[in-house]
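Structure record follows, encoded as structure tokens.
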Amino acid sequence: MPNGFAGGYSKLPDRLGGIGRALWAVHYEASRRRAQGDDIIMLSIGEPDMPTPPAIVDAAERSLRAGRTHYSPAEGEPEVLQALADSYTKRTGRLIEPSQLMFTPGTHTALYLVCQTLLDSGDDLLVPEPFYAAYTPVVSVTGANVITVPLRSDEGFRLRADDIAAKITPKTKALLLNNPHNPTGAVLSLDAVEEITRICHENDIWVISDEVYEHLVYRGTFSSPFDIDQYAEGVAVVSSLSKSHAMAGWRSGWALAPRDLMHRVRQIGEAVTFGAQPFLQDAAVFALQEAANTGAEMCAIFARRAEKACSILNDSKHIVAHEPDSGVFVMADISRTGLSGSEFAMGLLDSESVATMPGESFGESAAGHLRISLTVPDEELVEACLRLRDFASRQALET
Ligand SMILES: Cc1ncc(COP(=O)(O)O)c(C=O)c1O
């Protein structure tokens, strides 16, 4: 050690070290080349490309100028908790109290707090797979085990209640349900959500419901386990304005849970965040109350892009693109080219300057797939899909 200092570190960073980095190899490489000036079409990220609605930006500015720049209650300002409670009261048809909510820096932090509240080291958490790559480090912090529940591509990647039941053991503490689903865009029917939640409830297993894509459903209808009265006592919801209002950088999300669970979530939340920025919370109130339709407007754009992308890709006999029900991605099966998802994605970046995510980054069940983001303007997306289709044909000829 320089200067003779030999202070040590906790074991946690080593335990988390590197989790996730390899999964993003194609994206990082594409970003590096782009920073050097290469003209790359980035279909590897999942953030709506639209700007945050100007009226929401104005609301934040007004709040900043009004001096809303000081400490605020750790659980969130009363106004934002009330606005959220009102919107969930409307959605569920039950009276939801502000005391059931905490405002957090995004869904990610809400999930971290709920996982810390529910999971001890050695507990098992069921996670349908493929799954959002950032789940692994959040869960790993708790020391709980991720038990994957494979989703089947021939079922449109829709989670089956039987597959959950088959994985339950005495160690199972919770299910992390992501509906609408990233990366596949699948949306579960109300019957499926009811059945899955019933099985969890009967086995005293919590359902943690990640609903960040709630407002970006273009086929089918969104259903939440929290909205089913008889099971709601065993459900925690995490969500945010990141996707619904193109506000990912605002880090404005929340956790919603039964009162006892929320009391504990808030205890941990206070230790971690010590409150969120009042001006962000004012903007969130405005987004929830005055700009509630933003998600529906963006949804129409993503539905159109998904249709365009799928029609180009499915014109190839080497690609099977799954039409998504929701969200900002298309999953395309490229296994007929003879390449893995990783080989295909890296080859596509090298030869066509198009960055996508290999399915393997999200779990074994998505091997041989690509996740293609719909978060670029239509013309760019069409150009990228044409290049992808040509690349697939060339690979198939070579193998
Ligand atoms: C399924 C899922 N959950 C959570 C998040 C994180 O959302 P937030 O920006 O609200 O933290 C994402 C972001 O892509 C996601 O896809």
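The values are calculated or read from the model by the stated rules, or taken from the named source; none is laboratory data. Remember, predicted model here, so these are calculated numbers, not experimental data. Cβ: placed from backbone, ideal geometry, glycine included. Neighbour counts: every protein chain shown.
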*Out of region 3-44, which residues are modelled with pLDDT of 95 or more, out of contact with any Leu (no Cβ under 9 Å at 6 or more places or on another chain), surrounded by 10 or more Cβ atoms within 10 Å (Cβ to Cβ) and aliphatic (A, V, I, L, M)?*
Met42
*Do you know which residues across region 168-179 are within 13 Å of the ligand (Cβ to nearest atom) and either over 21 Å from Arg152 (Cβ atoms) or in contact with a Leu (Cβ under 7 Å, 6 or more places away or on another chain) (or both)?*
Leu176, Asn179
*Kindly establish whether Arg336 is under 21 Å from Ser153 (Cα atoms) and surrounded by fewer than 17 Cβ atoms within 10 Å (Cβ to Cβ).*
yes
*With the condition kept exactly as written, say whether any residue in region 55-74 is of a type in the set (Ser, Thr, Tyr), touching a helix residue (DSSP H, G or I) at 6+ places or on another chain (Cβ under 9 Å), in contact (Cβ under 8 Å) with a residue 12 or more places away in the chain and within 16 Å of the ligand (Cβ to nearest atom).*
no
*Go through (1) touching a Pro at 6+ places or on another chain (Cβ under 8 Å); (2) more than 15 Å from the ligand (Cβ to nearest atom) and name the single condition Glu129 misses.*
(2)
*Members of region 235-251 that are of a type in the set (Ser, Thr, Tyr) and within 8 Å of the ligand (Cβ to nearest atom)*: Ser239, Ser240, Ser242
*Of all the residues that make up region 75-109, how many are away from the ligand (no atom under 16 Å from the Cβ), in a helix (DSSP H, G or I) and on the phi > 0 side of the Ramachandran plot?*
0
*Sort out which residues of region 84-129 are without any contact (Cβ under 8 Å) to a residue 24 or more places away in the chain and under 11 Å from Thr142 (Cβ atoms), and write them in order of number.*
Ser121
_As an exercise: evaluate Arg266 against (1) within 16 Å of the ligand (Cβ to nearest atom); (2) charged (D, E, K, R); (3) crowded, with 21+ Cβ neighbours inside 10 Å and give the number of the one condition it does not meet._
(1)
